[in-house]
Amino acid sequence: MASKKILIISRTLLPSQAPRSQRTTELAKEFARLGHDVTVYAVLGNYDYSTFKKTYGVNVKNIVAMKFATLNSDGVHVGKVNLFRSVYSKLLRKLIEYPDIELSFKVAQLLREIQNIDLLVTIAVPHPIHWGAAYASKRFVQNNINTWVADCGDPYMGNKLTKRLFYFKFIEKWFFRKVDYVTIPIEEARKGYYEEFKNKIKVIPQGFNFDDFKRSEVYIENQPITFVYAGVFYKGIRDPRPFLDYLDKLDLDFKFVVYTKSDLLITKYKSLLKDKLEIHEYIPRLELLDVMSRADFLINFENNTHIQSPSKLIDYALTERPILSVNSFDIDKDLIDEFLNRDYKNQLIINDLKQYNINNVANKFIGLIK
């Protein structure tokens, strides 16, 4: 296939460790490896992105100056935090998607000046990135922007984990009428979108370069038994507390290692479980894969919804360690006991791992170009 000009717009990319950052980075690198001309726009921090051009052949540029952005690609929040700002930010987020709504205007401004693009990929969250592209789309024909694909890690109005005000459905439908395709990571996620736009939805899963991670060691049983969780927690949804309450009742030596940016739900358990519970900040993905590959098993807290599936399950599968999948509000004590006794016959199985190979994923995007 002849080389294509590809533009990706995302809030963040690496070194941020968020799932959408991973999506952006992996796609950009693979598109470039396949011989395409790739440019990424994101909210940048202080990281030196000249290495992306030298190493991967990817051009990285900053979305024009942001006034209200609170998160950049360094993975850190910017701006001062105080009680007043916290209160009004929560209210404005609910009313107008503040501060992410600023991205709509910045993306629209950016796309009015961009020309001759074969494939535009906008990546959410946050969804205002898509809205900005929709606002600019009336110029796509005259600017020779051929195909626009909006990549959605999670549904917007159909997201069971986040309640939104009714009027946002009109914005989502308006955006759907403008876009060429919407990509979603799993088939079940179709249920989170409007039936009238089903012909625009394509399933393209999260993708990773499998060659980046090679197990360097043969797994050896840990003493005591050691299990790992990596990801965020959500109160009342992806909630670890019932699981930790059960662990606290057991007269058993173990080590539960957690990598998260949201430790408020589990902090109190540190005093209860003491050395049995380790809590860490996120670490780079390849380092985390190495840690997980040496654990006895891995923990997945279910979302309690079929339309969303954590992308970390792909990384879990790459480590070749058993996965204990926990429903936070219907604890299967027998299953937990099995794993704690090193019996993994009822582990969660991730099928057809090759579908997550970044080469297959990138080529699916390329196949959408008109």
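The values are calculated or read from the model by the stated rules, or taken from the named source; none is laboratory data. Predicted model only: the values in this text are computed from it and were never measured. We place every Cβ from the backbone using ideal geometry, glycine too, and count neighbours over all the protein chains shown.
List of remarks:
- Enumeration of residues in region 149-185 that are part of a helix (DSSP H, G or I), over 17 Å from Lys94 (Cα atoms) and of a type outside the set (A, V, I, L, M, F, W, C): Lys173, Arg177, Lys178
- Set Asn360, Asn341, Asn303: member being in the same structural domain as Asn222 (by TED's automatic domain parsing) and at pLDDT 90 or above: Asn341
- Subset of region 164-195 that is touching a strand residue (DSSP E or B) at 6+ places or on another chain (Cβ under 6 Å) and of a type in the set (Asp, Glu) - its residue that is farthest from Pro126 (Cα to Cα): Glu187
- Per-region count, region 133-162, residues of a type in the set (Val, Ile, Thr) and without any contact (Cβ under 8 Å) to a residue 12 or more places away in the chain: 2
- Here Thr226 meets the list (1) among the hydroxyl-bearing types (Ser, Thr, Tyr); (2) loosely packed, with under 13 Cβ neighbours inside 10 Å; (3) farther than 30 Å from Leu95 by Cβ almost entirely, failing just condition (2).
- Residue match in region 135-146 (condition: more than 21 Å from Asn62 (Cβ to Cβ) and β-branched (Val, Ile, Thr)): yes
- Subset of region 345-370 that is in contact (Cβ under 8 Å) with a residue 12 or more places away in the chain and over 20 Å from Glu187 (Cα atoms) - its residue that is farthest from the chain's Cα centre (by Cα): Lys370
- Contacts under 8 angstrom Cβ, first residue in region 51-68 being free of Cβ contacts under 8 Å to residues at least 60 places away in the same chain, partner of a type in the set (S, T, N, Q), 6 or more apart: Phe52/Asn59; Lys53/Asn59; Val58/Thr39; Asn59/Thr39; Val60/Thr39; Lys61/Thr39; Val64/Gln109
- Of all the numbered requirements in (1) within 24 Å of Val361 (Cα to Cα); (2) touching a strand residue (DSSP E or B) at 6+ places or on another chain (Cβ under 9 Å), Asn159 misses one, and that requirement is (2).
- Members of region 133-148 that are in a strand (DSSP E or B) and surrounded by fewer than 22 Cβ atoms within 10 Å (Cβ to Cβ): Asn146, Thr147
- Condition met for Thr122 (more than 19 Å from Gly367 (Cα to Cα) and either buried (at least 19 other Cβ atoms within 10 Å of the Cβ) or within 16 Å of the chain's Cα centre (by Cα) (or both)): no
To keep it simple, each residue is scored yes or no on (1) touching a residue at least 40 places away in the same chain (Cβ under 8 Å); (2) under 20 Å from Asp330 (Cα atoms).
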| site | (1), (2) |
| --- | --- |
| Phe210 | yes, no |
| Phe213 | yes, no |
| Pro242 | yes, yes |
| Asp275 | no, no |
| Leu288 | yes, no |
| Met292 | yes, no |
